[in-house]
Every structure is written in C-alpha cells, then in structure tokens.
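Written out below as structure tokens is the structure these notes cover.
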Number of protein chains: 4
Amino acid sequence: LLGSLAVGVTVSLADIEAQALAALAPGIGEFVRGGAGDELTLAANLEGWRALALRPRRLVDVSEPSTEATVLGRRLQTPLFVAPTAMNALVHPGAERAVARAAARAGAAYCRSGAASQTHAEVAQAGGVLWSQLYVLRDRGLTRNHVAAAAEAGYHALVLTVDAPVLGLRDHDRRSGLLQSATPQSADSGMATGALATQLDPSLTWADLEALAGESPLPVVVKGIGRGDDARRAIDAGARAIMVSNHGGRQLDGERSTAAALPEVVEAVGDRADVLVDGGVRRGADVVKALALGARAVGVGRLPIWGLAVGGEDGAFAVLDRLAHELRVTLALCGTPDAAAVPRDLLA
Amino acid sequence: LLGSLAVGVTVSLADIEAQALAALAPGIGEFVRGGAGDELTLAANLEGWRALALRPRRLVDVSEPSTEATVLGRRLQTPLFVAPTAMNALVHPGAERAVARAAARAGAAYCRSGAASQTHAEVAQAGGVLWSQLYVLRDRGLTRNHVAAAAEAGYHALVLTVDAPVLGLRDHDRRSGLLQSATPQSADSGMATGALATQLDPSLTWADLEALAGESPLPVVVKGIGRGDDARRAIDAGARAIMVSNHGGRQLDGERSTAAALPEVVEAVGDRADVLVDGGVRRGADVVKALALGARAVGVGRLPIWGLAVGGEDGAFAVLDRLAHELRVTLALCGTPDAAAVPRDLLA
Amino acid sequence: LLGSLAVGVTVSLADIEAQALAALAPGIGEFVRGGAGDELTLAANLEGWRALALRPRRLVDVSEPSTEATVLGRRLQTPLFVAPTAMNALVHPGAERAVARAAARAGAAYCRSGAASQTHAEVAQAGGVLWSQLYVLRDRGLTRNHVAAAAEAGYHALVLTVDAPVLGLRDHDRRSGLLQSATPQSADSGMATGALATQLDPSLTWADLEALAGESPLPVVVKGIGRGDDARRAIDAGARAIMVSNHGGRQLDGERSTAAALPEVVEAVGDRADVLVDGGVRRGADVVKALALGARAVGVGRLPIWGLAVGGEDGAFAVLDRLAHELRVTLALCGTPDAAAVPRDLLA
Amino acid sequence: LLGSLAVGVTVSLADIEAQALAALAPGIGEFVRGGAGDELTLAANLEGWRALALRPRRLVDVSEPSTEATVLGRRLQTPLFVAPTAMNALVHPGAERAVARAAARAGAAYCRSGAASQTHAEVAQAGGVLWSQLYVLRDRGLTRNHVAAAAEAGYHALVLTVDAPVLGLRDHDRRSGLLQSATPQSADSGMATGALATQLDPSLTWADLEALAGESPLPVVVKGIGRGDDARRAIDAGARAIMVSNHGGRQLDGERSTAAALPEVVEAVGDRADVLVDGGVRRGADVVKALALGARAVGVGRLPIWGLAVGGEDGAFAVLDRLAHELRVTLALCGTPDAAAVPRDLLA
C-alpha cells in the first residue's frame, strides 16, 4: 500500500515523514513536525517506546488475531485513533475530512481538532467513530456552541484538552513565522493556533470539567493527563476516559514521555475508565507496548498528517493501514493475538 | 588465517563483514546484514554482549585449555555452532555444504536452514555434527518429509524454530525488492524466504511440539525461546535443548537481546536440558560471556556467511577458526581454561 | 523582544549565545563560554537540568501566576538573579552597570562580580536588588575595603565565594592566551582574573566566614557550596543564605552538577536559610525544576553576558525578560502558578 | 612547562597525545595508543574515571598541600608512578632511562618494563624510586636472571605481571604489522612484545607467586589484579602491594575498568598491603578520584611516552609535572590538601 504513494521507495512510516517534509513548505512542515522548546519531550516520547523491550511468548496459536478494541462502549476494528492536529488544510485541501475518512476505512477512531479547518458537520460526512477535541475558551459561549455542534453532527465523544492553559513555547513556529502569518480556513469553532492562543482560558479547573461532564450530551474524555492523582480526579469529576498525552511534545517541554506516565495512570484508574495514550508512536511495536502497559487504544497525530500531505485521503489511509498491519504482525510475533488482552509481562 | 582471505588487511571479523558487503550485490548483502523494522533488536543483540564486563581470575594454569563442549550428548571441539541462515547460494555457489564443511573442520556444529538452497543429503556430505532447522508448515506433509529427509541423511537433531509464526517486518528487503524477486535454487524442503512466508503456520502450539517430539527419530531443539516460562513448557513438551534466539533481530523488532534473555532461561531450565544461544556474537569475548551466563554452545549466523561470501568454504572456516582462536585467548586471559566450566562470577 | 536584538532570527536563548560568540573576539568569547579542564562539569550542569522530567498538574487555575520570590527578606519580581561574571567590560563598554540595569528592569537580583570592571558605586546606579561577590584575598585590607564599599554603595548582601581557594585549570584561557594578556579596566576591588588568581587566599576557613559574618554590616551569602554538611557548617558560621554553585564549571572539573547537589543541600538546610542555585540554567523549565528541588531563586551567569555582548543593556534585559517569560509559561503549563510554592512531586 | 614542548599551543595532556601521534611512525604510534580487540576496555578505563563525580569540601585551609605518598615504605613526592610500557626505544633514543629520569625529577616512582629496550643498570642511572616489571617466562632461568639484575641494580620492588598468561588480541598491531617486524634494541631480560609473546608462561599459578615472594630479595607487587578474592590470595601468597590494572586495555578486551575494580580490591585488602592502580588516567582529577577510592599511588603509562616522543626526557618530565600540577590544584579545589588522606565521601 505504501508503495503506491510515491515515486521513490516507500517502505516504512519514516519514509513518509521525509517525503512529506520535502513536499510541504518549510514553515508548514516544521509546524507539523516540531515540538516545544528544545524538543526534549518530543524526543523522549519516541525513545520512551523504543526503550521498552519485548518478551514474546511462543507457540501460541496466532492464526486468528483480533485487533478489536472497545472504547467508550464502541467497537473499533483496530485499537488506534487519530489524535487531533490543528489546521489540516495547511497540509492538503482534503483536510480533516480526508483524514477522518482514512480513519473510518482503517477501522480507527478519529478525533477532530479543536482548531480544525473544517466544521464538525463537514468532517462528520466521513463516518466512523468520531470524537471532537474541545478547548474550553474564555468565551464560554463558543464552548457551548462547540458542544452543540459536535452533538448535532453525531460525534461520539468530547475530548477536553487540559494541557494547554496557555500555548507552549513553540520556538520552531516563531522561527518560521507561522504563528504570526497562518490564516486557516476556519469553521464553526475552528480557529488557528495563533488565534486560539489568545482564547485559551488559563483559569479552567476541575469544577469546569465537572460542569461540562454534567451538562454534555456526549461522554467526556480528558486529554493531557500525565499523573495518577490527576487521572483519579478527572474520573471523580465525570470523565469517562483518560487520554495520557503531552500534546505530542508541543506544550510543556521537559515533561516526561507518555510511555513513562502511562503505568502510573493505568494503576490509578483501574477499571473505572478507559485509558488512551498518544505521543511518539511510530511503529506497530510501539502500539503493542502501549497496550501491554494498559492502554485501550493508541493515538497517532503526525503520522496520518504526513500521509495526508503526500497522498490526501489515500495517503492517510495507507499510513493507518500500514500501522495496523505492523500491529497485527507484531501481535502475532509476540504470541499475543488478542489486542485487547496483551499481558503486562510482555515487557521486560 | 584471515590474512589469506583478501587483498587488503584482514584482521578482525568486522573487516570481513565490510569485505563481504563490498563484494555482494547490495540487495543480497542487505538481506544477510539486515534486521526487522528499525533494527533495534539487531543493535541490542550486539550491545547486549558488549555491555557485559569481565572480572578475570589471575594465576590460574591456562596452559592446557579445553574448549570441548557436549551438546545433546555429542562432543564438539569448540562450543560454537553455525546458526541457520537462508538461501546461502545467493552468496556463494558452495552454499550450505561449504559452510558445513567449514564448521566440521573447525569442530563446531552446523545447523542447516529450513530455507536452504541445498538438500539435506547434499549438505550432509560435509560431515561433522549436523542439525536441521525445521519450520512446521501449513502442509504438514512437507514437515514429515523434512523430518524423514533429515533423519535419513544422518542429522543429529531437529531445530524447531518457533519465533516465526509469521514473517517479520523486513523493511530492508522490501526496500531492495529481494523478497519479491529472489528465486533460490531450492531442494527437498528448501524454499525461499518469500515463498516460506506464505507457508508458515501461525497456528502452531505446544501440542504440535509435543507431537513432534514424540514422533521424531531425532532429538528436538526449540529455537527462538526468550522467556523462562516458555523454556520450561518446551522441556515439558519434550524438547531436549533450548536455543535462546530472536532470529538475529530479523523477526520481532523490539525484542530484548539474547544476552538479556539468557539468564532467565538458564535459571528456569536448570539441568533439565542444554541451553544454547545465538544473536549478536561477533568476538571470542562474546562467546565467553554467553558461557558464563550458562550457555552450552554459542551460535553465529552472519559471520560465517561473510566468510563464505569472501572466500567460500575456506573463508567460512577462517572466520570460525578465528573466532575459536579468540575464544581460546579470551578463556586464557580470564583464567577460565575450561570452556565447559566458566563461572558466573566472571561477569561483573 | 529577542527579535529586536539581531538581524537574523533570534528565537531562543541558544540563538543569542551563537550570535555573541560570532560577535566577540575569540579569546573573549571562549573566556565567557568555557569551563575548566575537559568541561565535564560545564556539560553536566546543563544535562543535570535537562535530565529531570516534569509531571505537570492539570486543571489548576493559572490565570493569575505569581513569580514573586523573597530572598534574604527582599522581594523579587522573578526568582532569578544574575550570577557574578568577571570583567564585563571585555564584552561591552556598558559592562556591569548595563547588566545590573537590565536585572533591575526584569525584577531580578544582580550580583556584582568580585572581579568587576566597574566600582561598587558605578554599578549601584542601576538600582534594584544588589549583591556583591566577595573573594577573601591574602591582603585582608582589600577585603575590608570591599565590604565597606559595598555597604556604602547600598548593596544588600555579600556573596562570599568559597569554591576558588586557587584558580581552576582554565585550559581554554591558556589556549587563547587570555589569562596572560587581559588587562581589565579595574575599579575599587575589581581585578582581572589573572591578577585575582595571585591574590586568592587558599588558607580561608570556616573561622574566616564566622568572623566576616560577625563583622559584616550586610548579610552574608556563601556561594559555591555543593554538600549538605558544608551547608550546615556555613549556616552555623553565620551565613544567611547558601548558593549551590560550582562556579559555572570553571573551577573544579569533575564536580557533580548543581542539579545533583541541590537536593542534598536543601534537605540539610531546612528552613534555616534561603537556598539559591546557579549553573547550567538555559531555559525557563530549568528554573522551574530548580524551584521544585527547593531553590528560592535561580542564577544565570553566561546568558545575560551573551545579551550584553549582542545588545548592551537592552540585550541583557531581553535575555532576562525572555527567561522570565519562559518561566511564566512553564509554571502555567505545570499547573503550579506560584513560583514560591512549586511542589517537589512536580519532578518524576 | 608544556608550552615549551611544541611549536603549536600545548595546554592539556590531550594536546601532547595528538602531537606525539603526528610525530611517530603510524605503526609505532598505534602500538602505544591501541588496546586489545575492539578497545572496549581502553575506552572503559577513561570513562570509568570521568563518570565519577566529585563532592568537594569548602573552606578547608589548602595553603600547605601535601602530595607525599608512601608506597612499600618509601616516600614519593607525588602519588604517581610510571607504569611499564614496552620498547621505549621505538619512540625515542633516550628510551626508558629518559623516562625514569623524568619520573625521578617529578618525584614519582618509575617501573621499568619487562620488555624494556635498556638494561636494568642503564635505566637505574636515572635514580629515584625504581621498580622492575617481571614476566615469569617459560625459561625460569631468565626469570632468575631478571630478579638478580634488578636487585643488583638497586631496584626497590619487583612488579609481577599476572594479566598476561598469553598475549592479548592486538588487532591494531596485526593491522600495522608491528608485532611481526619490530626488532627492539634489547638488553638483559628485555625482549620485544612479539618475542615476549612466545615466552609467556601460561602455567603460572599462585604457587609460583609464593615461591617468588619467598626467594626474592625485593618486595613483590602483583600487577593486573581486578578482583577482591584474587587480591586476598596474592597477599596470602606474599605480595606486598596490589596493582589494580588491566594492562591499559591491551590484554583482555571486555574487562571492566580499573575504576570499577578498585573499590572491591581496596575493601578486600584493607590495611594488609598497599593498593595501586593504573589505566585510563589522563587528568589530575582522575588521580584524586583514584585516591578517594583508596589507591596509594596512581600510574600512567601512555602519557609519559607521548611526552618522550615529543621531547625526550624533558617531554616526559613536562607531562608528569603537568599531571602533578593538576593534582595539586584539584586537591586544593576539593578541600582535601593531603593526597594521603582523601576521603571516600569526596565522590558522589
């Protein structure tokens, strides 16, 4: 599948990143690739998964593997989701809807960004399992509109992002000037990162989460949790799932990797809620490691955007399909054919 | 000995790898050299041995060193074996028989690959201690033929490979196109890696091992074990030896190194069976470290193939002879002149 | 702010170091940048902070952040101080006073070097919270003059430096010849590093500290402490604050990082005195990590000098202002809006 | 002092290594610089010291530092010794005597190599504290002659080398051809490394040490110990001092660093004998770290040979003098002015 994307040889997902960076305007490519500050967390996210070593089981019948996952009571064909990324129209005119269709084709969930370039309704035409990232803004009217639009368009969950009370130190974007000049093709609640930064509400607290969870017609996922105590508070306040995330290393540089944070959160949550994770996932083996640590599903943000940049919807699909393929092969080689039951002792 | 192999200066085994890669067609060289995925396990295998530090004993009489080893009741002059590698005819027309003769000359065991380019009988002309790697295929008739051919040709053991229920993610071969185009000069059960991939049986279980061990006229070694619990189950099912292996980093990328897995397996096995190991061994000191961790014999896969590529049988022999020489020197310098009794506390 | 400093793109503080090194004569640039010996401690200082990973809290109201700090009973707008660096006139004619004014504008404390190129009085025109670094010299009359001059000029503390009984092995300066040729525009007690080296008193003991603390009209900070037991002795001898420092890696190469030393000192001191720290701080996140480990305020030495070199007072201010900005953003992203109450468990 | 050695800028001891390598024939330079195998131990020796972090004490009177050391009852002005290195005439016509005179001038002990290019008597003209390295050879008559020659020439100790029952895997010398072609200007027991290799006695045991210690008119130091149990056995057999050494990484590649082995040996020996160490020492700080771990004196092998290569006796002296200077400065900066009483808690 990946082979059809490009003239050159495209074998691994790393190839696609290189192709996309070559194809995009530098400022846009850097906007997608970069992280905050010195990119310590960006690098730690990748290294966090790579440093975990597998202890595969042998002579297990892996002829009928299952990658099904259940998140918030909904069935996914593969335990993957597309994590929200801002302003996809900067990368390809197909934008969010193209990626959402790719996710639906791959059997993964799709999370529309709170800074999307297309409306909830436009994206929802893609079908599949749809989540809507929500930033609670200073103007709470905007937030109410957002929730209503998501519900009306048939989204299945709200993903409240809590790791962005202010915008991170995006040196790479300041270098390229993107934060100043980007003018996204906005939509209902869609707004550019630059504009969003001025609207972020730094006064958000657990009480706001409790209010939102109480009023929302959709289940609320809290995205950006990195500690066990916070995970417990989130569930106490009404969250139905916890997404361990550090915003792909784009917000707090120096935060530990999500691979490092995940075990503490899983232990704190127990079976009270689903735990999801994103950040630094580049290979099927990374997904298996996250499942072994207790994640229900695993998110990728930049990967499908590279696919989108290189080949639109088909490119994004090829990426997700390749990742799902790597996941199946890795599960088989680990002797753990059921993605929903990967044991903790698979890790050394 | 190594000096005679090449025009340039050939001193260490690393020199031969470079010479072979220069001599072979790139796709072939990469096929031998490469590992799965990002080659994390390939690298970990090498680093695993290198990171172990030696605590040599002094003033021990090392004037009469012994490198003899007993594996499956058979005496080897040196505790080495040639691990199976596919389709050696791609590298040199002498193919498997040339390497087997080199092993016999060096006093090491030889394991014919289940994807060999020569028949069991052709390879057996080499003499020496001979093992036959076995993949249990979807068509069990092929497996029965394989076992019969090995027994008839006088092999001394079957080496059932259990780390390949499916083929690993061989990005390097997809890049070079080898998996698609290679058409080996096949034989009785010999088949190319590409063809083999379609025949691998992912439904293999411990029951199949038990059946094989019960019916086989030859003792069964289980290759590809990386955990203590699996080693115990293998012995319970009739295995006579355990080969700790991760397929040279060519199957499950992210699996821990064999140096990391070996102690757990040795402890689980106790004296119920022989423990063998391969993966990442490049120096005599690596062999000594594996012996100190409890291995009975230590395998090398790529090294003799580099020798084969550069100098046919003599090249493969030079490599094994050099490794055996390094082993003897290292044993002497460690104050542990008996390869069969290297103490655990030789390692820091 | 940083954008106005240079023609090229200036985004992070690392950019300014490169610009300053390009602008300064090589010997001068190296004098500022370099460390003792093989610069192991210089590198360890940076890595010490970077290696600490953050565990941010979420959904804390960070809309009214406070960076106020109280050191020696005086209020700072930001928990930063400018650590003493010698002979600033080598870098820019504005010299120490320019940096002191920048510190005052940024709300940080300023510590005049004991090898400054301007007098106490000249520097004091800058206003703000002023400290005076003191080397106790062989000629104790010079020391008495120094204390008197500092007191008369309205400084708020003496910072007795105890990590320089002799000059460190400044290979980089011997290489450039700076130690031999530099002739600073000296002042009351100001003297060049080369001249200072001959005046350092290696016989200084705790009794001297006790005497100084007893006689001084100003509170005494002891700078250069790296162990808990020494910190306790310093307080017993009358010190009012402890500055954990290894002289920016310019004295004892091989000394551990200040990030590694800080916890031991904080634990030993308890609430008996304020603990300050410098060394290797390059980012707002480094400051937050130091605060989490118990520092009251955090010093930067080279950073404002790079700013001074590139843009005089405004350059030094831009650096401090940027660092304070990074600090505020990082505190918000950590969910710890009060710089004076950063919890220890913010670190993994 | 170092400044006078060369046309270019010579500041640190690393500069001299580069100068010497540039001046010597490549095979000779490599012979001095290289280690066995992949040079893992050579690198580990250096990293072993560098990785130890110092916790200096402050406000200690360091105005009257003492670097005196007592080894085998003899006073040294500095706790340094020149470790034996073979065939110094390959490097400079002054050869061993030049280095021995440099050592005497610097107040360090000198250990003549068992493969020296000058006789015991020729070297002894240098004066100072003199030790004689001894290889016990197959022809014990040669050994008896060696002991007699050393005693007659007034040497103060025999240094029995026990880490060379056979010659290590000197790939670098095989590469350069040195082991085959070198024909040193030999002397009484002096012989080239190549010739020596054929004479090494691999049957040497503790009984031989006991016999030697019983008959020798000189105290016996055992060189090449790397474990506590061996150190105890050596003392039981009559050794008066233990030299922790791995032959500068030239014998058993993969052996742990001497910095890693030293604490175990010091603890096993207690006050029954002096403990010495060599291997990887390049800086005065390395010497202080070895003293803190319990060494009485610290050896350097390659460093004075680089000095010899660049400047004969004066070059070797400059190196030792610089190292002693770095040692004094480092002791002062550590607040440990007495080299004979460096506390263990100086290390983190």
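Odds and ends about this structure:
- Restricting the stretch D:54-76 to residues that are within 13 Å of chain C (Cβ to nearest Cβ) and of a type in the set (A, V, I, L, M, F, W, C) leaves a set whose member that is nearest to C:P202 (Cα to Cα) is D:V62.
- Condition met for B:G35 (on the phi > 0 side of the Ramachandran plot and touching a Leu at 6+ places or on another chain (Cβ under 9 Å)): no
- Restricting attention to the stretch D:260-271 and to residues that are in contact (Cβ under 8 Å) with a residue 40 or more places away in the chain and open to solvent by 10 Å² or more (accessible area, probe 1.4 Å), the residue that is nearest to the other protein chains (Cβ to nearest Cβ) turns out to be D:A260.
- Test: residue in the stretch B:251-258 that is within 15 Å of the chain's Cα centre (by Cα), more than 22 Å from B:M87 (Cβ to Cβ) and crowded, with 24+ Cβ neighbours inside 10 Å: yes
- If the condition is being in contact with a strand residue (DSSP E or B) (Cβ under 7 Å, 6 or more places away or on another chain) and not small (G, A, S), then the stretch C:294-345 contributes C:R296, C:V298, C:V300, C:P304, C:L320, C:L323, C:C334, C:P337, C:D338.
- Among the criteria (1) modelled with pLDDT of 95 or more; (2) touching a strand residue (DSSP E or B) at 6+ places or on another chain (Cβ under 8 Å); (3) not small (G, A, S), the one D:R138 does not fulfil is (1).
- When the stretch D:35-56 is filtered for residues that are farther than 25 Å from C:R232 by Cβ and crowded, with 20+ Cβ neighbours inside 10 Å, the ones remaining, listed by number, are D:G35, D:A36, D:G37, D:L40, D:T41, D:L42, D:A44, D:N45, D:G48, D:W49.
- None of B:L212, B:L218, B:L252 is part of a loop (DSSP other than H, G, I, E, B), of a type in the set (A, V, I, L, M) and farther than 30 Å from A:L52 by Cα except B:L218.
- Qualifying residue in the stretch A:29-40 (condition: of a type outside the set (A, V, I, L, M) and at the interface with chain B (Cβ under 10 Å from one of its Cβ atoms)): no
- Counting the residues of the stretch C:129-144 that are under 18 Å from C:L276 (Cα atoms) and either in contact with a Gly (Cβ under 8 Å, 6 or more places away or on another chain) or acidic (D, E) (or both) gives 4.
- Members of the stretch B:148-188 found to be modelled with pLDDT of 75 or more, within 30 Å of A:R57 (Cα to Cα), more than 19 Å from the chain's Cα centre (by Cα) and of a type in the set (A, V, I, L, M), listed by number: B:A148, B:A149, B:A151, B:V166, B:L169
- Verdict on A:L303 being within 24 Å of A:A237 (Cβ to Cβ) and away from chain B (no Cβ under 14 Å): no
- For C:I242: the one exception among (1) open to solvent by less than 10 Å² (accessible area, probe 1.4 Å); (2) on the phi > 0 side of the Ramachandran plot: (2)
- Residue match in the stretch C:125-147 (condition: of a type outside the set (S, T, N, Q), under 22 Å from C:L24 (Cα atoms) and more than 16 Å from the chain's Cα centre (by Cα)): no
- Looking only at residues of the stretch D:62-93 that are under 30 Å from C:R227 (Cα atoms) and part of a loop (DSSP other than H, G, I, E, B), we find that the one that is most open to solvent (accessible area, probe 1.4 Å) is D:E64.
- Selection status of A:L59, open to solvent by 10 Å² or more (accessible area, probe 1.4 Å), in contact with a helix residue (DSSP H, G or I) (Cβ under 7 Å, 6 or more places away or on another chain) and part of a loop (DSSP other than H, G, I, E, B): yes
- Any pair with Cβ under 7 angstrom, 6 or more apart, that starts in the stretch C:300-321 at a residue that is within 21 Å of C:T67 (Cβ to Cβ) and ends at one that is open to solvent by less than 10 Å² (accessible area, probe 1.4 Å) and of a type in the set (F, W, Y): C:V319/C:W306
- Meets criteria (part of a loop (DSSP other than H, G, I, E, B), aliphatic (A, V, I, L, M), open to solvent by less than 50 Å² (accessible area, probe 1.4 Å) and facing another protein chain (nearest Cβ under 10 Å)) for C:L204: yes
- Which numbered condition D:I235 fails, given (1) open to solvent by less than 10 Å² (accessible area, probe 1.4 Å); (2) within 14 Å of chain B (Cβ to nearest Cβ); (3) among the β-branched types (V, I, T): (1)
- D:A14 passes every criterion in (1) at pLDDT below 95; (2) within 9 Å of chain C (Cβ to nearest Cβ); (3) in a loop (DSSP other than H, G, I, E, B) apart from (3).
- Where A:G141 falls short, out of the listed (1) closer than 21 Å to A:D201 by Cβ; (2) crowded, with 23+ Cβ neighbours inside 10 Å: (2)
- Within the stretch D:321-348, considering residues that are among the acidic types (D, E) and within 11 Å of chain C (Cβ to nearest Cβ), the one surrounded by the most Cβ atoms within 10 Å (Cβ to Cβ): D:E326
- Count of the stretch C:296-320 residues which are open to solvent by 10 Å² or more (accessible area, probe 1.4 Å) and not in a helix (DSSP H, G or I): 2
- Among the residues of the stretch B:94-132, those identified as basic (K, R) and not in a strand (DSSP E or B) are B:R97, B:R101, B:R105.
- Selection within the stretch B:38-54 - part of a helix (DSSP H, G or I) and farther than 12 Å from B:A259 by Cβ: B:L40, B:L42, B:A43
- Close pairs (8 angstrom Cβ cut-off, 6 or more residues apart or separate chains): within 14 Å of chain C (Cβ to nearest Cβ) and closer than 16 Å to D:L13 by Cα in the stretch D:285-299, open to solvent by less than 10 Å² (accessible area, probe 1.4 Å) and charged (D, E, K, R) anywhere: D:A285/D:E326; D:V287/D:E326
- C:V281 being within 14 Å of chain A (Cβ to nearest Cβ), under 20 Å from C:G248 (Cβ atoms) and either polar (S, T, N, Q) or open to solvent by less than 10 Å² (accessible area, probe 1.4 Å) (or both): yes
- D:R302 being of a type in the set (K, R) and over 14 Å from the mean Cα position of the chain (by Cα): no
The values are calculated or read from the model by the stated rules, or taken from the named source; none is laboratory data. What you see is a predicted model; the values in this text were computed from it and never measured. All Cβ positions, even for glycine, are placed from backbone atoms using ideal geometry, and neighbour counts span all protein chains on display. Protein only, heavy atoms only, side chains kept; ligands, DNA and RNA dropped before computing areas. Shrake-Rupley method; radii C 1.70, N 1.55, O 1.52, S 1.80 Å.
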